[in-house]
1. In segment 78-87, how many residues are open to solvent by less than 40 Å² (accessible area, probe 1.4 Å), of a type outside the set (A, V, I, L, M, F, W, C) and either modelled with pLDDT under 90 or part of a strand (DSSP E or B) (or both)?
2. Is there a residue in segment 159-178 that is touching a helix residue (DSSP H, G or I) at 6+ places or on another chain (Cβ under 6 Å), closer than 30 Å to Ser105 by Cα, open to solvent by 40 Å² or more (accessible area, probe 1.4 Å) and part of a helix (DSSP H, G or I)?
3. Here is a check on your reading of the model: is Ala64 farther than 28 Å from Val209 by Cβ, without any contact (Cβ under 8 Å) to a residue 24 or more places away in the chain and aliphatic (A, V, I, L, M)?
4. In segment 13-42, what residues are open to solvent by 70 Å² or more (accessible area, probe 1.4 Å) and either at pLDDT 90 or above or closer than 22 Å to Val69 by Cβ (or both)?
5. Go through segment 53-68 and count every residue that is modelled with pLDDT of 85 or more, open to solvent by less than 50 Å² (accessible area, probe 1.4 Å) and either hydroxyl-bearing (Ser, Thr, Tyr) or within 29 Å of the chain's Cα centre (by Cα) (or both).
6. Taking segment 136-158 on its own, how many of its residues are open to solvent by less than 50 Å² (accessible area, probe 1.4 Å) and assigned to a helix (DSSP H, G or I)?
7. Could you list, in sequence order, all residues of segment 213-227 that are modelled with pLDDT under 85 and not hydrophobic (A, V, I, L, M, F, W, C)?
8. Just the residues that are of a type in the set (Asp, Glu) and either more than 29 Å from Leu84 (Cα to Cα) or modelled with pLDDT under 85 (or both), please, taken from segment 170-212.
Amino acid sequence: MCIWSGEECTSRNFTRTWTDMGVCYTFNLDLPQLNQTRAGASYGLQLLMDVEQFEYLALSPTSAAAGFVVLLHEPEDVPLMQDLAFKVSPGFHNVAGVTVQRRISLQAPFGVCEPSKTLNRYSQYSLSACKSNCQADYISDTCDCRHTAVPGNESICDPNKLLTCVFKAEDNYIKNNLAAKCSCPLPCDEVSYQTSLSSSCFADYAMDVFSDRMGFTRDYLKGNIVKLDIYFKTLSFLKIEEKEAYTWLAFWCDVGGAFGLLLGSTILTIVEIFDFIARNAFSGQLKGGQTKVIVFTGNLKS
């Protein structure tokens, strides 16, 4: 069962994708892509899936746990299922609330992002693509082949090389932390999806309904049927943008302000000095040229 925003979706909305865990199916990858205009669990993606544990291989490195692995990512990102995906268990109704985060990083000398960073296996740079590229190069150098999920010019590793070389090389790559030797700076503009996962087991009446509709026993339903709801908690997103703590504009503004204060106070002082001299000189001139007038009253005697 597949429902998107209250309407039924089909297998045409899923694209077969090779990943580091084998074949996966990506929802809403090919055009025309579906858009969401409302938030809430009623308007998200609802899936009812069958694990089919009877198809599991005992030799598979991913068959230790039953269920599905799910990863939310941008269409151009490489899905690193083993490292970034979350798991949903059979016999449970799993609900994943999603929030979106966008991070804009600065280039050198203020930041570490490199807009001109390129990869030899992927056309578009992303952090997950860079990590996959580094691991693929190591496996290619070690085993002289490439994993099916990784693009390249090398021949694809056959089952014998997978068992005798590739799996061991992947373990060695992780144990020796060889990923730390790769140069994978943060993208200058990156979108990520944060999920909060909750789950509850199927109620008894729900098990009865599923059993009647699907024709499975209750034990089979508990061990194989998964219900998953994925929805946006809000249609807004969190934007994290790096800014220069001190820009050249701020520097020159501070320099101009300091010079303005210094020159302004100096010119004012010079004007006051000339004003003081002028006032004293003009006052002295008036005192030197003053004429006294004496007035006599009364009769004059000859």
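1. Final tally of qualifying residues: 0.
2. The answer is no, given that none of the residues of segment 159-178 is touching a helix residue (DSSP H, G or I) at 6+ places or on another chain (Cβ under 6 Å), closer than 30 Å to Ser105 by Cα, open to solvent by 40 Å² or more (accessible area, probe 1.4 Å) and part of a helix (DSSP H, G or I).
3. yes
4. Arg16, Trp18, Tyr25, Asp30
5. Residues meeting the conditions: 1.
6. Count: 5.
7. Of everything in segment 213-227, those that are modelled with pLDDT under 85 and not hydrophobic (A, V, I, L, M, F, W, C) turn out to be Arg213, Gly215.
8. Result: Asp204, Asp208, Asp212.
The values are calculated or read from the model by the stated rules, or taken from the named source; none is laboratory data. If you're wondering where the values come from, they're calculated on a predicted model, not measured in any experiment. Because the Cβ atoms are built from the backbone with ideal geometry, glycine has one as well, and the counts that use them run over all protein chains shown. Remember, those area values only see protein heavy atoms, side chains included, never the ligands or the DNA or RNA. Shrake-Rupley method; radii C 1.70, N 1.55, O 1.52, S 1.80 Å.
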